[in-house]
Structure formats: structure tokens, C-alpha cells
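Okay, so here's the structure we're looking at.
The values are calculated or read from the model by the stated rules, or taken from the named source; none is laboratory data. None of these values were measured; they are calculated from a predicted model. Using ideal geometry, Cβ is built from the backbone for each residue, glycine included, and neighbour counts are taken over all protein chains shown.
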Amino acid sequence: MTIVEEARAKVNLALHVSGRRPDGYHDLDMLVAFADVGDSVELTTSEADRFLIDGPMAASLSTDADNLVQRALKGFREITGRTDPLSIRLTKRLPVASGIGGGSADAAATLRALCRLHDVPADAPALAALALSLGADVPMCIASSPARVGGVGERIVPTTGHLCFGLLLVNPNVGVSTPATFRALERRDNPPLPPLPVFDTVRRLADFLAAETRNDLEPAARTIAPVIGDVLTALADLPDVRLTRMSGSGATCFGLFDDKATANRAALKLAPKHPGWWIEPAAATF
Ligand code: C5P
């Protein structure tokens with residue numbers, strides 16, 4: 001029996017850092033969307049445990065026990081006692097350490113696949129705790145649908161998802177460490193997000209994001225990887241782009257477009273100028 005789950009890229013349309021907790025983690029207030037591009041996790045019942053990674057980004061990851069897929073499997077087995085041997089294939093398409101939650105989405109996809117295989121409800125409380133222990137972004141990647149997310153990542157309020165738009169995701173092939181970005185913050189007490197209006201057009205969404213929201217990690221990430229500034233400038237130069245911003249702790253940045261076809265056209269303009277960058281058009285909803 002084989003089960004495939006998609007591990008879609010998470011994009012932070014906004015990310016406000018509003019406080020710091022005694023344990024060192026930060027209070028966040030975020031708007032997240034999920035792109036129709038990502039990794040995939042394929043799980044097959046087998047006579048022995050196996051784990052392989054393929055796909056265009058496979059070389060940047062190792063299959064050791066630290067891999068979030070392996071850690072998700074171990075945690076699931078501890079909670080449920082279901083230790084039947086499994087063959088797992090991770091097809092890695094997203095750049096690693098890039099601010100679009102690839103590792104978190106892989107862990108979440110693994111947990112969803114395990115739940116389907118073993119008929120375990122994916123919203124069981126013990127699984128929610130496991131998800132959060134694997135990473136602050138893992139709970140939202142389990143739902144993999146647009147939301148306002150607070151706390152360190154565990155407070156998830158879904159949005160309608162009625163508004164469709166295009167994204168151009170661009171990573172300069174420079175990994176940025178999330179802890180290093182948080183350490184480099186100058187301020188940790190920024191205002192949270194304002195109340196969300198209803199967005200009936202992409203233009204309204206983009207105007208609201210530009211006027212009322214930020215990615216508070218962006219200045220810190222730019223001190224670590226100044227090339228992020230080049231990516232944002234290149235995105236801002238593209239025709240029909242409505243907003244440019246960094247996602248998560250970087251270095252992936254995105255341009256927001258009316259639809260995927262417009263993002264595709266922008267990709268064709270950008271790609272020849274930056275052959276070393278990862279450039280991926282996508283669709284998303286909010
Ligand atoms: O939870 P995750 O492993 O994704 O977090 C990576 C690092 O990012 C943490 O070790 C912490 O330094 C930082 N972090 C934070 N506050 C958050 C989420 C992550 O300080 N809400």
C-alpha cells in the first residue's frame with residue numbers, strides 16, 4: 001500500500017515579531033498562505049524500514065535520524081505504538097533553510113501520511129503536541145491552508161481561502177539559519193497585526209499587506225545574507241508585481257501577482273538574468 005502526501009511551501013505574507021518568551025522563543029503574529037509547489041512524501045508498507053531522498057534538491061539534505069521526516073516517524077511510533085516497517089521516499093524540490101517551511105512541511109506530510117495509513121485522526125491532541133515539538137511551523141503545515149497564526153506557531157485561525165493569487169518565489173541559493181536571524185533582531189516588541197479586513201481583490205490584499213504589515217525578520221536576515229536585497233529589487237522591477245516581501249527567516253522572497261499566469265510571465269523575464277537563483281511561479285489562496 002502506498003500513500004502520497006504533498007508538502008506545500010509555506011509563504012509568510014506577513015510576519016510580526018511581537019514579544020519574546022522566557023524560553024527564548026518569540027511571539028509571532030503571521031499571515032500564511034500555501035503555494036501549489038512543494039516536496040512530496042511517499043510512504044509504502046515494506047518488509048524493512050527504508051528512507052530515500054530524490055528530487056532536484058536532494059543533495060542538500062541527508063537521510064540521517066535528524067531529518068524531520070525521520071523524527072516525525074519516530075515520534076508517531078512512540079505515540080501510537082505502530083511500528084510496522086515502512087519505505088519512505090522524500091522528493092525534495094524546495095530549497096532547504098529558505099524560509100518557506102520545507103522541512104516543516106515534510107514533517108507534516110509524513111504525519112498526515114502515517115495517520116491515513118494507520119487510520120489515526122490527524123487532529124489527535126498527542127499528535128498536535130508532537131507536531132509543535134518538531135518545529136513551530138509544523139502545526140500550520142499539517143493543515144496546509146491559509147491562516148492567521150499566533151503564539152510561536154500553535155494558534156491557528158483559518159481564513160476563507162476564497163481569494164486566489166499568483167506568487168513568484170525566488171531564492172538566491174543561500175541558506176539562512178532561523179535561530180541566527182532571530183538572534184540578529186534589533187527589536188522584539190513590534191506591534192501585532194491589525195484586524196483583517198475582507199479581501200475581495202488581489203489588489204486590496206496587496207495594498208493592505210504593504211500599508212499595514214511587515215516581515216520583522218527581514219532587516220535581520222538582510223544583515224546575514226545581503227543578497228536578499230538584490231532579490232527584492234529584482235522582484236520589484238518585474239511587470240505587474242503588486243507586492244514584494246521576504247518569507248519567514250529568508251532568504252526566499254516572493255512577488256505577489258494577480259494570478260499564476262502573470263507570475264509565470266514574470267518568471268520568464270527574471271530567470272535568464274539570474275541563472276543561479278531558484279525561481280518558481282505558484283498559485284495560492286488566502
Ligand atoms: O521551531 P523551529 O525549529 O522551526 O525554530 C527554529 C528556531 O527559530 C528556534 O530554535 C528559535 O531560535 C527560533 N524561533 C523563535 N520563535 C519562534 C519560532 C522559532 O525564536 N516562534
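State the number of residues belonging to the range 145-159 that are in contact (Cβ under 8 Å) with a residue 24 or more places away in the chain and either hydroxyl-bearing (Ser, Thr, Tyr) or not in a loop (DSSP other than H, G, I, E, B) (or both). Adding up the residues that qualify gives 7.
Of all the residues that make up the range 71-128, how many are surrounded by fewer than 17 Cβ atoms within 10 Å (Cβ to Cβ) and within 16 Å of the chain's Cα centre (by Cα)? Counting residues in the range 71-128 that are surrounded by fewer than 17 Cβ atoms within 10 Å (Cβ to Cβ) and within 16 Å of the chain's Cα centre (by Cα) gives 1. Ser40 falls short of the stated requirement of being over 20 Å from Gly103 (Cβ atoms) and assigned by TED's automatic domain parsing to the domain that holds Ala136.
Among the residues of the range 257-272, count how many are of a type outside the set (D, E, K, R) and touching a Pro at 6+ places or on another chain (Cβ under 8 Å).
4
You will find that of Val176, Val231, Val149, the residue that is of a type in the set (Val, Ile, Thr), more than 16 Å from the ligand (Cβ to nearest atom) and either in contact with a helix residue (DSSP H, G or I) (Cβ under 6 Å, 6 or more places away or on another chain) or within 22 Å of Gly38 (Cα to Cα) (or both) is Val231 and no other. Scanning the range 13-34 for residues that are away from the ligand (no atom under 11 Å from the Cβ) and either of a type in the set (D, E, K, R) or over 14 Å from Gly248 (Cα atoms) (or both) gives a single hit, Pro22.
Among the residues making up the range 171-193, those that are more than 19 Å from the chain's Cα centre (by Cα) and of a type outside the set (Lys, Arg) are Ala184, Leu185, Glu186, Asp189, Asn190, Pro191, Pro192, Leu193.
The rows are residues; the columns are (1) over 23 Å from Thr178 (Cα atoms); (2) of a type in the set (D, E, K, R); (3) not assigned by TED's automatic domain parsing to the domain that holds Asp39.
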{"site": "Leu94", "(1), (2), (3)": "no, no, no"}
{"site": "Asp123", "(1), (2), (3)": "yes, yes, no"}
{"site": "Leu127", "(1), (2), (3)": "yes, no, no"}
{"site": "Leu132", "(1), (2), (3)": "no, no, no"}
{"site": "Ala136", "(1), (2), (3)": "no, no, no"}
{"site": "Ile142", "(1), (2), (3)": "no, no, no"}
{"site": "Val149", "(1), (2), (3)": "no, no, no"}
